[in-house]
Amino acid sequence: MLGLLVVGLGTLLAPLDTAVNIAFPSITRAFALNLEDIRWVVIAYVLTYASLMLAFGRLGDLVGYRPIFQVGLAVSALGLLTCSIAPNYAALLLGRALQGVGAALILSCGPALVTSLLPESERARALAFYAGVIAIGGALGPLIGGALVARLNWPGVFWFRVPIAMLALALSPLIASDRSQTSMREFDAFGALLLVAWLSALLLAVACARGPFTTLVPYGLLLLGLAAFAGFCRHELRSPRPLMRLSLFGNSSFAVLNAINVLANFAAFSVLLLVPYYLLRISNLNALTGGAVLAISALGTVLGAWLAGSLSRRLTIGRLALAGLMLNIAGLWSISTWALATPIAAIAAALFAQGLGMGLFQVGYSDYVTGALPAQERGVAGSLTMLTRTIGVVLAATGLSAAFAHFEARAASAGVPSADAFLAGFQTTLSFVAIGLAAALALSLLSPRSWRLGA
(Lines give C-alpha, C1' and ligand atoms only; values in the text may rest on other atoms or scores of the structure.)
Protein backbone atom coordinates (compact mmCIF):
# COMPACT_ATOMS: atom_id res chain seq x y z
CA MET A 1 0.00 0.00 0.00
CA LEU A 2 2.86 2.39 0.79
CA GLY A 3 4.33 1.75 -2.65
CA LEU A 4 1.00 2.66 -4.25
CA LEU A 5 0.96 5.97 -2.38
CA VAL A 6 4.51 6.74 -3.50
CA VAL A 7 3.57 6.12 -7.14
CA GLY A 8 0.59 8.44 -6.64
CA LEU A 9 2.79 11.13 -5.10
CA GLY A 10 5.26 11.01 -7.99
CA THR A 11 2.49 10.91 -10.58
CA LEU A 12 1.02 14.13 -9.16
CA LEU A 13 3.92 16.06 -10.72
CA ALA A 14 2.32 15.75 -14.16
CA PRO A 15 -1.33 16.79 -13.54
CA LEU A 16 -0.20 19.57 -11.18
CA ASP A 17 1.24 21.22 -14.27
CA THR A 18 -2.19 22.82 -14.70
CA ALA A 19 -0.80 25.33 -12.18
CA VAL A 20 1.33 26.77 -14.98
CA ASN A 21 -1.71 28.00 -16.94
CA ILE A 22 -2.59 30.52 -14.26
CA ALA A 23 0.96 31.92 -14.47
CA PHE A 24 0.80 32.70 -18.22
CA PRO A 25 0.13 36.44 -17.77
CA SER A 26 3.05 36.76 -15.32
CA ILE A 27 5.41 34.84 -17.63
CA THR A 28 4.34 36.99 -20.58
CA ARG A 29 5.18 40.16 -18.63
CA ALA A 30 8.45 38.81 -17.20
CA PHE A 31 9.93 37.98 -20.60
CA ALA A 32 8.15 40.69 -22.64
CA LEU A 33 6.42 38.11 -24.84
CA ASN A 34 3.65 38.43 -27.36
CA LEU A 35 0.51 36.58 -26.31
CA GLU A 36 0.99 34.15 -29.21
CA ASP A 37 4.44 33.13 -27.91
CA ILE A 38 3.22 31.81 -24.56
CA ARG A 39 1.81 28.67 -26.18
CA TRP A 40 5.36 27.38 -26.66
CA VAL A 41 5.50 26.92 -22.90
CA VAL A 42 2.78 24.30 -23.37
CA ILE A 43 4.10 22.89 -26.66
CA ALA A 44 7.66 22.34 -25.38
CA TYR A 45 6.28 20.26 -22.52
CA VAL A 46 3.41 18.36 -24.12
CA LEU A 47 5.18 17.61 -27.40
CA THR A 48 8.16 16.14 -25.55
CA TYR A 49 6.28 13.79 -23.27
CA ALA A 50 3.73 12.75 -25.90
CA SER A 51 6.41 11.70 -28.38
CA LEU A 52 8.51 9.80 -25.84
CA MET A 53 5.94 7.94 -23.73
CA LEU A 54 5.53 4.78 -25.81
CA ALA A 55 9.30 4.35 -26.22
CA PHE A 56 9.84 4.77 -22.47
CA GLY A 57 6.96 2.41 -21.74
CA ARG A 58 8.63 -0.30 -23.80
CA LEU A 59 11.92 0.46 -22.05
CA GLY A 60 10.15 -0.08 -18.73
CA ASP A 61 8.90 -3.45 -19.95
CA LEU A 62 12.53 -4.43 -20.55
CA VAL A 63 14.48 -2.97 -17.62
CA GLY A 64 11.74 -2.64 -14.99
CA TYR A 65 9.18 0.04 -14.24
CA ARG A 66 10.57 1.28 -10.93
CA PRO A 67 13.97 2.45 -12.29
CA ILE A 68 12.29 4.27 -15.19
CA PHE A 69 9.90 5.92 -12.72
CA GLN A 70 12.83 6.92 -10.47
CA VAL A 71 14.77 8.48 -13.34
CA GLY A 72 11.60 10.35 -14.27
CA LEU A 73 11.35 11.85 -10.80
CA ALA A 74 14.97 13.04 -10.93
CA VAL A 75 14.63 14.51 -14.44
CA SER A 76 11.36 16.21 -13.47
CA ALA A 77 13.02 17.82 -10.44
CA LEU A 78 15.84 19.09 -12.67
CA GLY A 79 13.39 20.44 -15.25
CA LEU A 80 11.26 22.19 -12.64
CA LEU A 81 14.32 23.74 -11.01
CA THR A 82 15.58 24.92 -14.42
CA CYS A 83 12.22 26.57 -15.11
CA SER A 84 12.04 28.27 -11.71
CA ILE A 85 15.46 29.97 -12.11
CA ALA A 86 15.28 30.58 -15.88
CA PRO A 87 16.95 33.93 -16.69
CA ASN A 88 15.38 34.13 -20.16
CA TYR A 89 12.64 32.59 -22.28
CA ALA A 90 14.97 30.13 -24.03
CA ALA A 91 16.07 28.71 -20.67
CA LEU A 92 12.43 28.41 -19.60
CA LEU A 93 11.62 26.40 -22.74
CA LEU A 94 14.66 24.18 -22.11
CA GLY A 95 13.34 23.51 -18.61
CA ARG A 96 9.91 22.72 -20.02
CA ALA A 97 11.44 20.20 -22.44
CA LEU A 98 13.28 18.57 -19.51
CA GLN A 99 9.98 18.49 -17.65
CA GLY A 100 8.46 16.75 -20.65
CA VAL A 101 11.16 14.05 -20.58
CA GLY A 102 10.53 13.53 -16.87
CA ALA A 103 6.76 13.37 -17.35
CA ALA A 104 7.18 10.82 -20.16
CA LEU A 105 9.29 8.61 -17.90
CA ILE A 106 6.81 8.88 -15.01
CA LEU A 107 3.59 8.52 -16.98
CA SER A 108 4.86 5.71 -19.21
CA CYS A 109 5.39 3.39 -16.24
CA GLY A 110 2.88 4.72 -13.70
CA PRO A 111 -0.10 2.57 -14.78
CA ALA A 112 2.14 -0.51 -15.05
CA LEU A 113 3.49 0.11 -11.55
CA VAL A 114 0.10 0.48 -9.87
CA THR A 115 -1.23 -2.69 -11.52
CA SER A 116 1.92 -4.60 -10.52
CA LEU A 117 1.46 -3.61 -6.87
CA LEU A 118 -2.00 -5.22 -6.56
CA PRO A 119 -3.30 -8.66 -7.56
CA GLU A 120 -4.52 -9.02 -11.14
CA SER A 121 -8.09 -9.34 -9.87
CA GLU A 122 -7.72 -5.80 -8.48
CA ARG A 123 -6.51 -4.30 -11.76
CA ALA A 124 -9.55 -2.07 -12.27
CA ARG A 125 -9.25 -0.71 -8.72
CA ALA A 126 -5.55 0.03 -9.23
CA LEU A 127 -6.32 1.92 -12.43
CA ALA A 128 -9.17 3.73 -10.68
CA PHE A 129 -6.68 4.93 -8.06
CA TYR A 130 -4.35 6.15 -10.83
CA ALA A 131 -7.14 7.97 -12.68
CA GLY A 132 -8.18 9.57 -9.40
CA VAL A 133 -4.65 10.86 -8.78
CA ILE A 134 -4.57 12.44 -12.26
CA ALA A 135 -7.95 14.10 -11.67
CA ILE A 136 -7.04 15.38 -8.19
CA GLY A 137 -3.80 16.88 -9.49
CA GLY A 138 -5.62 18.54 -12.36
CA ALA A 139 -8.13 20.07 -9.95
CA LEU A 140 -5.55 21.27 -7.40
CA GLY A 141 -3.15 22.76 -9.96
CA PRO A 142 -5.02 25.99 -10.78
CA LEU A 143 -5.92 26.60 -7.12
CA ILE A 144 -2.34 26.15 -5.89
CA GLY A 145 -0.97 28.03 -8.89
CA GLY A 146 -3.21 31.02 -8.32
CA ALA A 147 -2.12 31.32 -4.68
CA LEU A 148 1.57 30.96 -5.56
CA VAL A 149 1.49 33.50 -8.39
CA ALA A 150 -0.25 36.02 -6.12
CA ARG A 151 2.44 35.69 -3.46
CA LEU A 152 5.61 34.53 -5.21
CA ASN A 153 5.14 35.33 -8.93
CA TRP A 154 5.47 32.81 -11.75
CA PRO A 155 8.54 30.78 -10.58
CA GLY A 156 6.42 29.47 -7.70
CA VAL A 157 4.33 27.26 -10.02
CA PHE A 158 7.50 25.34 -10.86
CA TRP A 159 9.59 25.17 -7.72
CA PHE A 160 6.74 24.03 -5.41
CA ARG A 161 6.89 20.65 -7.18
CA VAL A 162 10.65 20.15 -6.70
CA PRO A 163 10.24 19.00 -3.05
CA ILE A 164 7.41 16.69 -4.14
CA ALA A 165 9.68 15.08 -6.75
CA MET A 166 12.55 14.71 -4.28
CA LEU A 167 10.30 13.26 -1.57
CA ALA A 168 8.81 10.72 -4.00
CA LEU A 169 12.34 9.81 -5.15
CA ALA A 170 13.51 9.35 -1.55
CA LEU A 171 10.52 7.10 -0.82
CA SER A 172 10.68 5.19 -4.12
CA PRO A 173 12.54 2.18 -2.60
CA LEU A 174 9.20 1.41 -0.91
CA ILE A 175 7.84 0.51 -4.37
CA ALA A 176 8.22 -3.25 -4.83
CA SER A 177 10.97 -4.14 -7.28
CA ASP A 178 9.83 -5.39 -10.67
CA ARG A 179 13.04 -6.63 -12.25
CA SER A 180 12.57 -7.64 -15.83
CA GLN A 181 13.67 -10.99 -17.23
CA THR A 182 14.38 -9.59 -20.69
CA SER A 183 17.38 -7.87 -22.20
CA MET A 184 17.97 -4.31 -23.36
CA ARG A 185 19.05 -5.83 -26.66
CA GLU A 186 15.36 -6.39 -27.37
CA PHE A 187 14.69 -2.65 -27.38
CA ASP A 188 13.73 -1.51 -30.89
CA ALA A 189 15.83 1.67 -31.00
CA PHE A 190 15.17 2.41 -34.68
CA GLY A 191 11.44 1.90 -34.19
CA ALA A 192 11.57 4.26 -31.20
CA LEU A 193 13.34 6.87 -33.32
CA LEU A 194 10.70 6.62 -36.05
CA LEU A 195 7.94 6.78 -33.43
CA VAL A 196 9.35 9.97 -31.90
CA ALA A 197 9.80 11.46 -35.39
CA TRP A 198 6.24 10.92 -36.59
CA LEU A 199 4.57 11.87 -33.34
CA SER A 200 6.68 15.02 -32.96
CA ALA A 201 6.16 16.11 -36.56
CA LEU A 202 2.39 15.53 -36.57
CA LEU A 203 1.77 17.18 -33.20
CA LEU A 204 4.01 20.10 -34.12
CA ALA A 205 2.12 20.46 -37.41
CA VAL A 206 -1.10 20.83 -35.40
CA ALA A 207 0.56 23.36 -33.07
CA CYS A 208 1.82 25.43 -36.00
CA ALA A 209 -1.52 25.40 -37.80
CA ARG A 210 -2.30 28.72 -36.12
CA GLY A 211 0.09 31.58 -35.59
CA PRO A 212 2.76 33.47 -37.55
CA PHE A 213 3.69 30.56 -39.83
CA THR A 214 3.40 30.21 -43.57
CA THR A 215 1.22 27.34 -44.73
CA LEU A 216 4.41 25.56 -45.86
CA VAL A 217 5.55 24.96 -42.28
CA PRO A 218 2.56 22.91 -41.01
CA TYR A 219 2.15 21.15 -44.35
CA GLY A 220 5.85 20.31 -44.45
CA LEU A 221 5.68 18.93 -40.92
CA LEU A 222 2.54 17.00 -41.82
CA LEU A 223 4.27 15.35 -44.80
CA LEU A 224 7.32 14.56 -42.70
CA GLY A 225 5.13 13.04 -40.00
CA LEU A 226 3.18 10.91 -42.47
CA ALA A 227 6.40 9.67 -44.07
CA ALA A 228 7.86 8.77 -40.67
CA PHE A 229 4.57 7.09 -39.71
CA ALA A 230 4.63 4.96 -42.86
CA GLY A 231 8.25 4.04 -42.13
CA PHE A 232 7.38 3.18 -38.54
CA CYS A 233 4.51 0.89 -39.57
CA ARG A 234 6.65 -0.85 -42.19
CA HIS A 235 9.51 -1.35 -39.74
CA GLU A 236 7.32 -2.57 -36.87
CA LEU A 237 5.49 -5.10 -39.05
CA ARG A 238 8.85 -6.58 -40.12
CA SER A 239 10.66 -6.37 -36.80
CA PRO A 240 10.97 -9.60 -34.78
CA ARG A 241 10.88 -7.50 -31.57
CA PRO A 242 8.62 -4.52 -32.36
CA LEU A 243 8.22 -1.54 -30.08
CA MET A 244 4.48 -2.19 -30.26
CA ARG A 245 2.57 -4.99 -31.94
CA LEU A 246 0.49 -3.20 -34.59
CA SER A 247 -1.55 -6.36 -35.11
CA LEU A 248 -3.46 -5.35 -31.98
CA PHE A 249 -5.21 -2.66 -34.02
CA GLY A 250 -6.59 -5.37 -36.27
CA ASN A 251 -8.94 -6.13 -33.38
CA SER A 252 -11.94 -3.87 -33.97
CA SER A 253 -12.68 -3.49 -30.25
CA PHE A 254 -9.11 -2.40 -29.53
CA ALA A 255 -9.01 0.06 -32.42
CA VAL A 256 -12.45 1.52 -31.69
CA LEU A 257 -11.82 2.06 -27.97
CA ASN A 258 -8.51 3.82 -28.61
CA ALA A 259 -10.13 6.10 -31.19
CA ILE A 260 -13.02 6.82 -28.78
CA ASN A 261 -10.52 7.77 -26.06
CA VAL A 262 -8.91 10.33 -28.38
CA LEU A 263 -12.34 11.81 -29.15
CA ALA A 264 -13.52 11.73 -25.53
CA ASN A 265 -10.47 13.69 -24.38
CA PHE A 266 -10.83 16.04 -27.35
CA ALA A 267 -14.38 16.75 -26.18
CA ALA A 268 -13.48 16.97 -22.48
CA PHE A 269 -10.82 19.60 -23.18
CA SER A 270 -13.58 21.95 -24.32
CA VAL A 271 -14.51 22.28 -20.63
CA LEU A 272 -11.01 23.32 -19.58
CA LEU A 273 -10.63 25.61 -22.60
CA LEU A 274 -13.95 27.49 -22.71
CA VAL A 275 -15.77 27.11 -19.38
CA PRO A 276 -13.30 29.35 -17.45
CA TYR A 277 -14.11 32.22 -19.82
CA TYR A 278 -17.84 31.62 -19.37
CA LEU A 279 -17.51 31.67 -15.59
CA LEU A 280 -15.53 34.92 -15.62
CA ARG A 281 -17.32 36.80 -18.42
CA ILE A 282 -20.91 35.58 -18.18
CA SER A 283 -21.31 34.39 -14.58
CA ASN A 284 -19.10 37.26 -13.35
CA LEU A 285 -17.20 35.06 -10.89
CA ASN A 286 -13.75 36.03 -9.67
CA ALA A 287 -10.75 33.84 -10.56
CA LEU A 288 -10.71 31.96 -7.25
CA THR A 289 -14.44 31.17 -7.27
CA GLY A 290 -14.37 30.32 -10.94
CA GLY A 291 -11.49 27.90 -10.36
CA ALA A 292 -13.42 26.25 -7.54
CA VAL A 293 -16.49 25.81 -9.76
CA LEU A 294 -14.38 24.41 -12.59
CA ALA A 295 -12.82 21.93 -10.15
CA ILE A 296 -16.26 20.30 -9.76
CA SER A 297 -15.65 18.51 -13.06
CA ALA A 298 -12.38 17.06 -11.74
CA LEU A 299 -14.07 16.03 -8.50
CA GLY A 300 -16.68 14.22 -10.58
CA THR A 301 -13.86 12.41 -12.39
CA VAL A 302 -12.37 11.30 -9.06
CA LEU A 303 -15.75 9.92 -7.95
CA GLY A 304 -16.35 8.28 -11.33
CA ALA A 305 -12.96 6.54 -11.17
CA TRP A 306 -13.68 5.33 -7.63
CA LEU A 307 -17.10 4.04 -8.66
CA ALA A 308 -15.65 2.20 -11.65
CA GLY A 309 -13.11 0.48 -9.42
CA SER A 310 -15.71 -0.38 -6.77
CA LEU A 311 -18.32 -1.68 -9.22
CA SER A 312 -15.93 -3.58 -11.49
CA ARG A 313 -16.56 -6.84 -9.61
CA ARG A 314 -20.33 -6.64 -10.12
CA LEU A 315 -20.61 -5.06 -13.58
CA THR A 316 -18.52 -5.62 -16.68
CA ILE A 317 -16.03 -2.84 -17.16
CA GLY A 318 -17.40 -2.31 -20.68
CA ARG A 319 -20.84 -1.41 -19.39
CA LEU A 320 -19.29 1.05 -16.94
CA ALA A 321 -17.26 2.63 -19.75
CA LEU A 322 -20.32 2.88 -21.98
CA ALA A 323 -22.40 4.44 -19.20
CA GLY A 324 -19.58 6.87 -18.50
CA LEU A 325 -19.35 7.99 -22.11
CA MET A 326 -23.10 8.54 -22.31
CA LEU A 327 -23.04 10.56 -19.08
CA ASN A 328 -20.11 12.58 -20.44
CA ILE A 329 -22.07 13.41 -23.60
CA ALA A 330 -25.12 14.41 -21.54
CA GLY A 331 -22.96 16.72 -19.41
CA LEU A 332 -21.37 18.32 -22.47
CA TRP A 333 -24.79 18.89 -24.07
CA SER A 334 -26.06 20.47 -20.86
CA ILE A 335 -23.04 22.79 -20.80
CA SER A 336 -23.80 23.82 -24.39
CA THR A 337 -27.19 25.15 -23.25
CA TRP A 338 -25.80 27.58 -20.66
CA ALA A 339 -27.08 31.13 -21.13
CA LEU A 340 -26.85 34.51 -19.41
CA ALA A 341 -29.12 33.52 -16.53
CA THR A 342 -28.05 29.91 -15.94
CA PRO A 343 -27.88 29.39 -12.15
CA ILE A 344 -24.68 28.18 -10.49
CA ALA A 345 -26.44 25.02 -9.31
CA ALA A 346 -27.20 24.01 -12.91
CA ILE A 347 -23.64 24.84 -13.94
CA ALA A 348 -22.23 22.69 -11.13
CA ALA A 349 -24.56 19.79 -11.97
CA ALA A 350 -23.53 19.76 -15.64
CA LEU A 351 -19.81 19.91 -14.78
CA PHE A 352 -20.18 17.14 -12.22
CA ALA A 353 -22.04 14.88 -14.68
CA GLN A 354 -19.42 15.44 -17.37
CA GLY A 355 -16.57 14.71 -14.96
CA LEU A 356 -18.30 11.66 -13.47
CA GLY A 357 -18.76 10.23 -16.95
CA MET A 358 -15.09 10.78 -17.81
CA GLY A 359 -14.00 9.01 -14.63
CA LEU A 360 -16.12 5.94 -15.41
CA PHE A 361 -15.01 5.83 -19.03
CA GLN A 362 -11.29 6.35 -18.40
CA VAL A 363 -11.05 3.46 -15.95
CA GLY A 364 -13.00 1.17 -18.26
CA TYR A 365 -10.85 2.08 -21.24
CA SER A 366 -7.57 1.78 -19.30
CA ASP A 367 -8.57 -1.59 -17.86
CA TYR A 368 -9.39 -2.92 -21.32
CA VAL A 369 -6.13 -1.78 -22.94
CA THR A 370 -4.10 -3.05 -19.98
CA GLY A 371 -5.83 -6.43 -20.16
CA ALA A 372 -5.45 -6.67 -23.94
CA LEU A 373 -1.66 -6.78 -23.68
CA PRO A 374 0.33 -9.41 -21.78
CA ALA A 375 1.68 -8.54 -18.34
CA GLN A 376 5.21 -8.12 -19.68
CA GLU A 377 3.99 -5.31 -21.96
CA ARG A 378 2.17 -3.26 -19.33
CA GLY A 379 4.50 -0.32 -19.93
CA VAL A 380 3.40 -0.10 -23.56
CA ALA A 381 -0.25 -0.51 -22.50
CA GLY A 382 -0.10 2.28 -19.93
CA SER A 383 1.77 4.54 -22.32
CA LEU A 384 -0.83 3.99 -25.02
CA THR A 385 -3.66 5.05 -22.68
CA MET A 386 -1.79 8.26 -21.82
CA LEU A 387 -0.77 8.89 -25.44
CA THR A 388 -4.31 8.68 -26.86
CA ARG A 389 -5.43 11.05 -24.11
CA THR A 390 -2.68 13.52 -24.99
CA ILE A 391 -3.39 13.39 -28.72
CA GLY A 392 -7.00 14.32 -28.01
CA VAL A 393 -5.93 17.27 -25.86
CA VAL A 394 -3.39 18.56 -28.41
CA LEU A 395 -5.89 18.37 -31.26
CA ALA A 396 -8.51 20.11 -29.13
CA ALA A 397 -6.19 22.94 -28.08
CA THR A 398 -5.87 24.04 -31.70
CA GLY A 399 -9.13 22.81 -33.22
CA LEU A 400 -11.57 23.98 -30.55
CA SER A 401 -9.98 27.40 -30.12
CA ALA A 402 -10.21 27.90 -33.89
CA ALA A 403 -13.83 26.71 -33.97
CA PHE A 404 -14.83 28.98 -31.09
CA ALA A 405 -13.10 31.99 -32.68
CA HIS A 406 -14.93 31.33 -35.96
CA PHE A 407 -18.39 31.03 -34.40
CA GLU A 408 -17.87 34.05 -32.14
CA ALA A 409 -16.61 36.18 -35.03
CA ARG A 410 -19.56 35.13 -37.19
CA ALA A 411 -22.00 36.20 -34.47
CA ALA A 412 -20.13 39.47 -33.88
CA SER A 413 -20.23 40.28 -37.59
CA ALA A 414 -24.02 40.11 -37.38
CA GLY A 415 -23.91 43.06 -34.96
CA VAL A 416 -24.84 41.28 -31.70
CA PRO A 417 -23.35 42.52 -28.38
CA SER A 418 -20.01 41.02 -27.31
CA ALA A 419 -21.54 38.92 -24.51
CA ASP A 420 -24.08 37.42 -26.93
CA ALA A 421 -21.35 36.80 -29.51
CA PHE A 422 -19.30 34.97 -26.88
CA LEU A 423 -22.32 32.87 -25.92
CA ALA A 424 -22.99 32.03 -29.55
CA GLY A 425 -19.42 30.80 -30.00
CA PHE A 426 -19.52 28.93 -26.68
CA GLN A 427 -22.86 27.23 -27.25
CA THR A 428 -22.19 26.29 -30.87
CA THR A 429 -18.74 24.86 -30.15
CA LEU A 430 -19.95 22.80 -27.18
CA SER A 431 -23.00 21.53 -29.05
CA PHE A 432 -20.86 20.37 -31.97
CA VAL A 433 -18.51 18.67 -29.52
CA ALA A 434 -21.39 16.82 -27.80
CA ILE A 435 -23.04 15.84 -31.11
CA GLY A 436 -19.72 14.69 -32.57
CA LEU A 437 -18.92 12.48 -29.59
CA ALA A 438 -22.48 11.07 -29.63
CA ALA A 439 -22.12 10.26 -33.34
CA ALA A 440 -18.80 8.50 -32.68
CA LEU A 441 -20.45 6.49 -29.89
CA ALA A 442 -23.32 5.53 -32.20
CA LEU A 443 -20.87 4.32 -34.85
CA SER A 444 -18.90 2.35 -32.27
CA LEU A 445 -22.08 0.54 -31.26
CA LEU A 446 -22.18 -0.97 -34.76
CA SER A 447 -19.39 -3.13 -33.34
CA PRO A 448 -21.06 -4.00 -30.01
CA ARG A 449 -18.11 -6.16 -28.94
CA SER A 450 -16.34 -2.88 -28.21
CA TRP A 451 -18.62 -2.40 -25.20
CA ARG A 452 -18.61 -5.98 -23.91
CA LEU A 453 -15.19 -5.58 -22.34
CA GLY A 454 -14.61 -8.06 -19.63
CA ALA A 455 -17.70 -10.06 -20.56
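Brief remarks follow.
- Qualifying residue in segment 62-76 (condition: assigned by TED's automatic domain parsing to the domain that holds ALA168, free of Cβ contacts under 8 Å to residues at least 40 places away in the same chain and in contact with a Leu (Cβ under 9 Å, 6 or more places away or on another chain)): yes
- Scanning segment 104-120 for residues that are surrounded by fewer than 22 Cβ atoms within 10 Å (Cβ to Cβ) and either aliphatic (A, V, I, L, M) or not assigned by TED's automatic domain parsing to the domain that holds PHE69 (or both) yields LEU117, LEU118.
- Among the candidates LEU127, LEU105, LEU118, the residue that is in contact with a Phe, Trp or Tyr (Cβ under 9 Å, 6 or more places away or on another chain), farther than 30 Å from PRO155 by Cβ and either modelled with pLDDT under 85 or not basic (Lys, Arg) (or both) is uniquely LEU118.
- Residues within segment 1-51 that are touching a residue at least 60 places away in the same chain (Cβ under 8 Å), of a type in the set (Phe, Trp, Tyr) and in a helix (DSSP H, G or I), tallied: 1
- Apart from one condition, SER177 fits all of (1) assigned to a helix (DSSP H, G or I); (2) in contact with a helix residue (DSSP H, G or I) (Cβ under 7 Å, 6 or more places away or on another chain); (3) surrounded by fewer than 17 Cβ atoms within 10 Å (Cβ to Cβ); the exception is (1).
- Answer residue from segment 284-298, given it is in contact (Cβ under 8 Å) with a residue 60 or more places away in the chain and surrounded by fewer than 18 Cβ atoms within 10 Å (Cβ to Cβ) and is farthest from ALA150 (Cα to Cα) among those: ALA292
- Checked against (1) closer than 30 Å to PHE190 by Cα; (2) surrounded by fewer than 18 Cβ atoms within 10 Å (Cβ to Cβ); (3) basic (Lys, Arg), ARG66 meets all criteria but (2).
- Filtered residues of segment 385-402 (kept if over 30 Å from ARG58 (Cβ atoms) and either crowded, with 18+ Cβ neighbours inside 10 Å or under 11 Å from the mean Cα position of the chain (by Cα) (or both)): LEU400
- Among residues of segment 217-267, those that are under 14 Å from THR385 (Cα atoms) and either charged (D, E, K, R) or outside any helix (DSSP H, G or I) (or both), counted: 1
- Residue, nearest to ALA305 (Cα to Cα), within segment 365-416, restricted to residues that are aliphatic (A, V, I, L, M) and not in a helix (DSSP H, G or I): LEU373
- Neighbours by Cβ (under 7 Å, 6+ apart or cross-chain): first from segment 390-405, assigned by TED's automatic domain parsing to the domain that holds VAL46 and farther than 9 Å from VAL262 by Cα; second at pLDDT below 80 and of a type outside the set (Phe, Trp, Tyr): none
- Taking segment 187-203 as the range and being out of contact with any Ser or Thr (no Cβ under 9 Å at 6 or more places or on another chain) and modelled with pLDDT under 85 as the test, the residues that pass are PHE187, ALA189, ALA192, LEU202.
- The residue that is nearest to GLN376 (Cα to Cα), among those in segment 213-268 that are among the hydroxyl-bearing types (Ser, Thr, Tyr) and free of Cβ contacts under 8 Å to residues at least 24 places away in the same chain, is SER247.
The values are calculated or read from the model by the stated rules, or taken from the named source; none is laboratory data. All values derive from a computational prediction rather than experimental measurement. With ideal geometry, Cβ positions are generated from the backbone for all residues, glycine too; neighbour counts draw on all protein chains shown.
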